[in-house]
Each structure stands twice: as C-alpha cells, then as structure tokens.
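Here's the structure we're looking at; comments come further down.
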Amino acid sequence: TELKIRERPWEQRNDPVMVGDLPLKQQDYLLRVLDAENPPPPTEHSLRDRNHYKARQLESIQVLLHLEGQKTEAVAIDGEMLRENAPYHEEIRANWEQFTRVQANNQPESFKLKNMTLPPAPFFRNHIVPILQNDTLVSLDLIGCNMGPDMFQGVAEILNKCPTLITLGLAKNNFENVEDAKALSLAVSKHKGLFFVDLSTCGLGGKDDILSLLLKGCKQLNGLDLSWNGFSSGSLSVIANFFLSNHIKTVTILGLRGSSFDDKSATLFNKALEKKNNTMEQLSFASTNVTLSTDIQRNLVLNDRLLHIDLSGNSLGKIGAKYIAKHLKKNPPLSILSLKGCGLPNQSAKSLCNALKRNTHLAHFFLDDNKFNDSSVPFFADALRSNSTLLSFHMSGNNIKVKSKFGRRELINRALCNPDSLQTIAASNHTCLVTLNSGKNGDRRTHEDKFRKINALENEGKKIRYKVIAALFTLKTIEFNPREFQHIPLELMPRLLELVQQEMGYGKYGREVWKAPNRAKGSNPRLTRVYEVVHGWSMLPSLFARGPGKLKKKAAKKRKLAFAFKEADDEKWTPKSR
C-alpha cells in the first residue's frame with residue numbers, strides 16, 4: 001500500500017501562505033500541529049493504521065521544515081519529538097527542496113539536524129553543502145542522520161571551506177568504512193579553528209582501524225567526545241597509546257562514557273595523562289565500571305589537575321564516597337563533580353557534608369538518584385549554610401520525602417531561608433540553586449523553584465528582602481510581631497512601613513519569582529499590619545509633642561495699597577465730595 005499524506009485541511013483555507021511554489025500552513029495551524037502529541041508507534045494494528053501514523057510523522061516533518069526554514073542565524077530541525085528517527089518519503093522531498101531554497105540566501109551561524117533522515121544521495125552534497133560553505137558558520141550538528149559516504153564527504157568539504165567552524169557534532173552516525181574516516185580525519189587535521197568534535201554513539205567499538213584514523217586528525221582539538229561507543233580494554237588502549245605517542249598537549253576535554261575500564265586501560269590512561277598530557281581539565285567516566293577501589297583508579301580520577309569529573313552511573317558505594325570526601329577536604333581546584341546514580345548510601349552524607357563545608361572551589365555538585373533519605377537532611381542543610389561558593393546543588397531522585405519532619409521542605413527552609421529569626425534569614429545561603437525534585441520543581445509545599453529563582457537574582461539585598469517578606473507574610477514561617485519594631489529609629493520607619501505592606505506576588509511585587517496569591521475579595525491584611533506597627537511604635541507620641549520654649553508670634557503685616565503715596569498722606573486723605 002502506497003503511503004499517502006492525509007487530507008490537508010490548511011488547503012481549504014481562503015488565505016493560504018505561499019512560499020515559492022508550495023502552499024504552506026498558516027503559523028497558528030502549524031504550531032497547533034507541531035505541539036500536538038504524536039500517538040505511540042502501533043504494534044499489532046492494521047497496515048492502514050501504521051500508514052496513518054507514518055503520515056502523521058511526515059506532516060510533522062513538513063511543519064518543522066517550514067518553521068525552521070524561516071530562521072537565518074540558528075537553524076535547528078529536531079525530529080526527536082517523533083519518538084523515533086524521522087522517516088523519509090518522496091512525498092516530502094519537495095519540502096526539503098523548498099527548505100534548501102529558502103536557506104540558500106541565508107548565512108546561518110549554527111545548523112543542526114537531529115534524528116532526521118535526509119533524501120538519498122547526492123541531495124546532501126548538492127543542496128545542503130553549498131548552504132553551509134560560508135564565513136559565518138560556527139556550529140554544525142548532524143546527529144542521528146543515517147550518514148552515508150556521500151554525507152561524510154560533504155562534511156569534509158564543509159570543513160575545507162568554512163574556516164569559522166568551532167564545534168562539529170556527528171553523534172549517532174555509524175562509520176562503516178575506512179574511506180569515510182580518512183576523509184573526515186584529513187579535513188579535521190587541516191582545520192585550524194576547530195575546537196570540539198562529538199563522535200559519541202558512532203559504533204567505533206571494535207573498529208580500531210577506523211578509530212586510529214579518526215584520532216590521527218584530532219591532535220589539535222581542545223575537546224573530543226567518544227562516549228557510548230562500547231569501548232573495551234583494547235579500544236581504550238588505542239586511545240591511551242594515541243596520547244602517549246603523540247604528546248597531545250591541547251586536548252582538555254575528553255568524554256569516555258559507557259566504556260569498560262579495567263586495570264590495564266586505567267594504568268595506560270594514568271600514565272598518558274600524567275606524563276604526556278598534564279593539561280586535561282575535564283574527564284567523563286560515567287558508566288565505565290570505575291569504583292575507586294584501587295589506587296590506579298583513584299590516581300586517574302582524583303587528582304589535582306581536573307576541574308570537571310563525571311562519575312555518574314558507577315557503583316561507588318560507601319568506599320567510593322569515603323575517597324571522594326577525602327579528596328574534597330583537600331580543597332582541589334575541582335569545579336564540577338557529578339555523582340548521579342552512584343549508589344551512595346545515606347551513611348556517607350555526614351562525611352561528604354563535612355568536606356563540603358571546608359571546600360571553597362566546588363561550584364556544581366550533582367547527587368541525583370542516590371540513597372539519601374530524611375535523616376541526611378540536617379547534614380546537607382548545615383553544609384549549604386556554611387558553603388558560600390557552591391552555585392548549584394542537585395539531589396533529585398533520592399528518598400527524601402516532602403511531608404516528613406526532616407524532608408525536602410525542611411532542607412529548603414533551613415538552608416535557604418532559615419525561619420528561626422530575621423537574623424538567621426540574612427545568614428542563610430543566597431547563592432546556591434538547590435534542586436530536590438526534578439519532576440515537579442514547583443511543589444507547593446517546598447517552594448524550591450521560587451527560592452531557586454530568588455537565589456538566581458544578582459542583587460544580594462533584593463534576595464534577602466524577598467526571603468524576609470516570604471517568611472513573614474507569604475509562607476508565615478516566622479510570626480509577625482510588631483513589638484520587635486517598637487524601638488526602630490525614626491529615619492528607618494518609612495522603610496519599615498513600605499516593607500510591611502508587601503507580599504510576594506501581590507501587587508506585582510516579586511512577580512518575577514512568585515505567582516500572585518489567591519486572596520478573598522475585600523481582605524487587605526497589609527493595612528492591618530501598617531496599623532499594628534504604627535500603633536505599637538514607641539516614638540509615635542513624640543511626633544505630636546511640642547518641643548521646649550515659647551512659640552514666637554509673627555507680627556501682622558500691613559496691607560499695602562495699590563496707590564503710590566506716603567503714610568503721612570494716608571491720615572489726611574478724605575474722599576472727594578460728589
């Protein structure tokens with residue numbers, strides 16, 4: 001059965017948009033189609049249902065091509081919304097050709113195709129490559145595009161004629177033959193401005209000949225991502241020997257997620273990075289079977305050179321947490337540490353928090369999907385109050401509840417807005433963005449998203465004022481007692497009266513971080529607070545009391561007449577007789 005696009009309702013409109021020779025949908029209809037949820041792929045349905053699903057996908061591709069085809073600086077066609085790689089059908093070839101005609105007159109700075117199947121060769125080299133051969137392109141991403149020899153050759157041509165390119169992403173494209181790798185490697189090696197290349201999920205595991213050719217062209221790069229290629233010990237040894245033999249001094253970012261490290265490959269990498277490349281700053285060892293249980297692994301990962309370490313997905317456990325806490329206590333120049341899903345037990349919270357209180361370099365800490373529970377909340381709250389350099393702290397996916405006594409709400413309150421007193425609020429953490437619930441960040445019990453927005457503000461005084469007003473009048477975690485302000489000086493009274501009239505989200509105050517509260521009609525607690533403050537103010541009677549001394553009476557001034565004569569003539573003057 002031939003696959004056909006279903007009836008196009010936009011063609012029934014009286015005012016279709018015409019671009020070139022193709023009728024295109026109106027913008028409102030386009031957005032509605034694009035935002036509509038696509039049905040899941042059918043499994044046991046009839047051929048007609050499957051064709052209808054494919055036709056729905058093709059219609060979404062038409063929408064994407066039209067919307068993104070109008071942009072000039074950043075072009076991004078992402079087929080990920082279709083739940084699987086976007087299919088190709090001859091029905092939409094005209095849309096692809098129209099897209100390239102529109103882009104022919106543009107010079108985009110970034111170009112991205114993700115999970116899209118392009119028309120068959122030589123479409124990419126004849127239509128896409130000429131668009132990208134300009135002096136403005138900075139970023140090129142061709143992710144999951146089922147690239148063949150024609151597309152790899154086309155990418156090499158773009159590199160040869162685009163000196164401004166900085167980043168190149170070719171993830172999720174399999175290298176099947178040596179010729180493709182040789183052409184790409186030669187083009188990358190000749191490019192003088194290329195900074196970063198993404199070759200993740202390219203099926204390079206077990207293809208050591210292709211891997212060696214690609215590495216040969218990456219000597220001058222600053223960053224290289226080889227993650228999720230299924231590297232075993234043999235392929236990892238090829239990468240390590242590449243660093244050993246070529247004296248690579250420029251690579252500072254290396255991604256090896258999803259590889260299988262053993263002692264042999266770890267020893268080679270440790271030797272290569274310690275003796276031949278001492279400029280490495282960022283290493284990603286996520287899901288690489290690194291447990292930090294041996295000296296070789298600890299020397300490779302926990303050193304004083306790395307600024308960014310990713311150990312997510314490794315079974316570190318209690319032993320790994322112990323060595324990480326010991327490393328953090330030394331206060332290394334480490335800026336980003338990711339320990340997502342590492343099985344860290346709740347017992348390790350105390351040692352990690354004690355190290356965090358002493359550390360002054362760590363800026364971003366990821367502890368998502370571990371085994372911390374409510375009993376670890378006091379340790380983390382104390383660490384956040386004591387640390388003033390941490391900018392983001394992530395703990396979503398742990399067993400920290402909302403309603404318990406020491407749960408997420410208590411962690412937010414104690415760390416970011418301590419409700420013990422106004423002084424403790426001022427002494428709370430005003431710099432760290434805390435995330436405890438990735439699914440529903442706007443939880444109405446914890447208000448963590450609101451406090452995260454407050455801490456993201458630049459003005460320090462504004463952060464404290466927002467938190468004081470939220471604690472006093474919005475969340476009411478602190479009881480408002482007018483007697484605390486009875487001895488306030490006269491010069492500060494106008495500021496206090498302004499303060500007690502505010503409420504987060506009400507009257508546009510703090511609306512950028514807090515939504516307007518629901519309030520009963522006719523209620524106005526702000527006026528009541530003003531009356532209580534003024535009535536309880538100890539200096540109020542002195543405003544109406546007269547000071548010492550007698551009042552001086554001003555002499556009454558004589559009325560000046562409009563006539564110009566002397567005072568002596570005033571007494572003799574009589575009206576004329578008529």
Of the criteria (1) in a loop (DSSP other than H, G, I, E, B); (2) modelled with pLDDT under 85, which one Arg511 fails: (2)
Residue count for the stretch 393-403, restricted to those that are open to solvent by less than 10 Å² (accessible area, probe 1.4 Å) and not in a loop (DSSP other than H, G, I, E, B): 1
Candidate set from the stretch 95-111 (those that are free of Cβ contacts under 8 Å to residues at least 40 places away in the same chain and touching a strand residue (DSSP E or B) at 6+ places or on another chain (Cβ under 6 Å)); member that is most open to solvent (accessible area, probe 1.4 Å): Ser110
Segments classed as strands (runs of 3 or more DSSP E), wholly inside the stretch 148-265, with at least 2 members that are within 24 Å of Leu118 (Cα to Cα): 167-169, 196-198
Members of the stretch 490-503 found to be touching a residue at least 12 places away in the same chain (Cβ under 8 Å) and either farther than 19 Å from Pro525 by Cβ or open to solvent by 60 Å² or more (accessible area, probe 1.4 Å) (or both), listed by number: Leu490, Met493, Gln501
Qualifying residue in the stretch 402-410 (condition: of a type in the set (D, E, K, R), at pLDDT 90 or above and within 24 Å of Ile478 (Cβ to Cβ)): no
Residue satisfying condition, being within 29 Å of the chain's Cα centre (by Cα), under 22 Å from Asn173 (Cα atoms), at pLDDT 85 or above and open to solvent by 30 Å² or more (accessible area, probe 1.4 Å), within set Asp141, Asp78: Asp141
Subset of the stretch 341-376 [within 25 Å of the chain's Cα centre (by Cα), crowded, with 19+ Cβ neighbours inside 10 Å and under 15 Å from Leu436 (Cα atoms)]: Gly341, Phe365, Phe366, Leu367, Asp369, Asn370, Phe372
Residues that are of a type in the set (Asp, Glu), surrounded by fewer than 20 Cβ atoms within 10 Å (Cβ to Cβ) and touching a strand residue (DSSP E or B) at 6+ places or on another chain (Cβ under 7 Å), drawn from the stretch 268-327: Glu281
Count - residues of the stretch 120-147 that are closer than 21 Å to Leu214 by Cα and assigned to a loop (DSSP other than H, G, I, E, B): 4
Complete set of residues in the stretch 205-243 that are among the small types (Gly, Ala, Ser) and either at negative phi or surrounded by 20 or more Cβ atoms within 10 Å (Cβ to Cβ) (or both): Gly205, Ser212, Gly217, Gly223, Ser227, Ser232, Ser233, Gly234, Ser235, Ser237, Ala240
Residue within the stretch 371-381 that is farther than 23 Å from Ala286 by Cβ, touching a strand residue (DSSP E or B) at 6+ places or on another chain (Cβ under 7 Å) and at pLDDT below 95 present: yes
Subset of the stretch 213-236 [out of contact with any Asp or Glu (no Cβ under 9 Å at 6 or more places or on another chain) and small (Gly, Ala, Ser)]: Gly217, Gly230
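The values are calculated or read from the model by the stated rules, or taken from the named source; none is laboratory data. Everything quoted here is computed from the prediction, not taken from an experiment. All Cβ positions, even for glycine, are placed from backbone atoms using ideal geometry, and neighbour counts span all protein chains on display. Side chains included, ligands, DNA and RNA excluded: accessible areas come from the protein's heavy atoms. Shrake-Rupley method; radii C 1.70, N 1.55, O 1.52, S 1.80 Å.
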